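None of the figures in this text is laboratory data; all of them are computed from the coordinates on show. These numbers were taken from a predicted model, which means no experiment stands behind them. For neighbour counting, all protein chains shown are included, and Cβ atoms are generated from backbone atoms with ideal geometry for every residue, glycine included.
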Amino acid sequence: MFLRNQTRQVKVNNVTIGGGAPVSIQSMTNTVTADAVSTLAQIRELASAGCDIIRVAVPDSDAVDALPAILSGSPIPVIADIHFDYRLALGAIAAGIHGIRINPGNIGDADKVRLIAEKAGEAGIPIRVGANSGSLSEAMRSLPPADALVESALEQCRILEEYGFRAIKVSLKASNVPVTVSAYEKFAERSDYPLHLGITEAGTPQNGIVKSAVGIGALLLRGLGDTIRVSLTAPPLAEIAPARRILEAAGLRDASPEIVSCPTCGRTQIDLIKLAEKVESLIQEIKQQNRRIKLKKIAVMGCVVNGPGEARDADLGVAGGRSQLALFKHGKIIGTFPEAEGYDVLRREILANTEEISVPE
């Protein structure tokens, strides 16, 4: 297992970020924040899917007024995303927000930034600052892209540090994956602030998931990153499963279970694609019912070349033959069945290895 870069820790309510804590998953609501009912409904949906921290836009006083209701009903910590108006940041802090995201450079004069830092410090909440390739100053644009992101982020950190504030998280995002990876690597050499990873403006799920997996995954495998967001041009719920799977692929979360399945080829004599999709859907259905699957690995294999070996290596596995499935359990074959019947047996075995997750009151 690779060594994770040791950053300082900050707390976002009950979620610890940095210092070796588990990498958390974030997203952002796209509701009108002033509509507390709709915003809470979306937050609960995201939390159920595996989101650990949620960010809400706070563009006006109506959004600030809705924060107490949102905070009281949210099952996960809430961060206020604020730009330009320092009064919105102060209002969010007074409402009990669990963290804020600001760009000190667009807040205004030094006294306004100082007041935010002081109030956030008194409340014991962190501030996320960050550099985005789309909003760099003219001075920064003269630098190489990765260096521009690093210097911009360090400048924002220094502004807060001048007022004694150090509960900071940092993001350095570009839509270009190599630039983003380079920027995070360079920043980590100069600072121990915890890092929020992501590829900004990554696009629709078809492209954005690939770019995010490459960029975020590359950084995680280098030991960098303390919290992540897969930013997609899609409903927020679409961001959670890819983020979770990136962490699982990087070995930072237990897949519970890992599902392995082979590509199709000319030897495949079962409907492998449909079978693999049915197993994945079943796993998601079980998890959505607040149940834990007590299996580490399930294999869905299409032919007799690699199939039996992978199936034996799994807690549960199937290997396809001529319209038949051989089922394996903990390395031993338990029977050979017609294709449809084989799935039913596999399904029963999976369901028999589940348990309800106890949820604290």
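Antiparallel versus total DSSP beta bridges in the chain: what percent is that, nearest 5?
Rounded to the nearest five, the antiparallel share is 35 percent.
Take the Cα of THR268, step 7 Å along the line toward its Cβ, and report every residue of region 187-222 whose backbone nitrogen sits under 11 Å from that point.
Backbone N within reach: none found.
When N counts the residues of region 258-356, how does its alpha-carbon radius of gyration compare numerically with 2.2 N^0.38 Å, as a ratio? Please list the in-between numbers first.
Details: Rg = 12.5 Å, N = 99, 2.2 N^0.38 = 12.6 Å.
My calculation over the Cα atoms of region 258-356 gives 0.99.
Taking the simple approach of a point 7 Å from Cα along Cα-to-Cβ for both ASN207 and SER281, what is their distance in nm?
Modelled inter-label distance: 3.0 nm.
What ³J(HN,Hα) values, in whole Hz, does the Karplus curve 6.51 cos²θ - 1.76 cosθ + 1.60 give for region 117-131 when θ = phi - 60°, with x put for Gly and Pro?
For region 117-131, the Karplus-derived couplings read 4, 5, 5, 5, x, 5, 7, x, 10, x, 10, 9, 10, x, 10 Hz, x marking Gly and Pro.
Fewest Cβ neighbours within 10 Å first, please rank SER191, SER212 accordingly.
Fewest to most other Cβ atoms nearby, the residues stand as SER191, SER212.
Rounded to the nearest 500 deg cm²/dmol, what is the calculated helix-only ellipticity per residue at 222 nm for the chain, with -39500 (n - 2.57) per DSSP H run of length n ≥ 4?
-13000 deg cm²/dmol
May I ask what percent, to the nearest 5, of DSSP beta bridges between residues of region 103-260 are antiparallel?
Beta bridges within region 103-260, antiparallel portion: roughly 0 percent.
Considering region 145-200, what Rg and Dmax in Å follow from its alpha-carbon atoms?
11.0, 34
Using only the alpha carbons of region 316-361, determine the length spanned along each of the three principal axes and report them from longest to shortest in whole angstroms.
51, 21, 11
Going Cα to Cα from LYS332, which lysines come in below 30 Å? Please leave out same-chain ones fewer than 8 positions away.
List returned: LYS274, LYS278, LYS287, LYS294, LYS296, LYS297.
Among 146-153, 237-244, how do they line up from the highest to the lowest mean number of other beta-carbon atoms within 10 Å?
Top to bottom by mean Cβ count within 10 Å: 146-153, 237-244.
Got a sec? How would LYS296, LYS211, LYS119 order by Cβ neighbour count within 10 Å, fewest to most? Let's see the in-between values first.
On the way: LYS296 13, LYS211 21, LYS119 17.
Least crowded to most crowded, the residues run LYS296, LYS119, LYS211.
Under 29 Å between alpha carbons: how many lysine pairs meet that in region 10-249, if sequence neighbours fewer than 8 apart on the same chain are excluded?
Number of lysine pairs found: 15.
With every atom except the alpha carbons ignored, what do you get for Rg and Dmax of region 166-230, in angstroms?
Cα radius of gyration and Dmax of region 166-230 are 11.2, 38 Å respectively.
Mean projection of the alpha-carbon convex hull of the chain over all orientations, in nm²? Mind dumping the intermediate values first?
Values: hull surface 78.0 nm².
About 19.5 nm², averaged over all directions.
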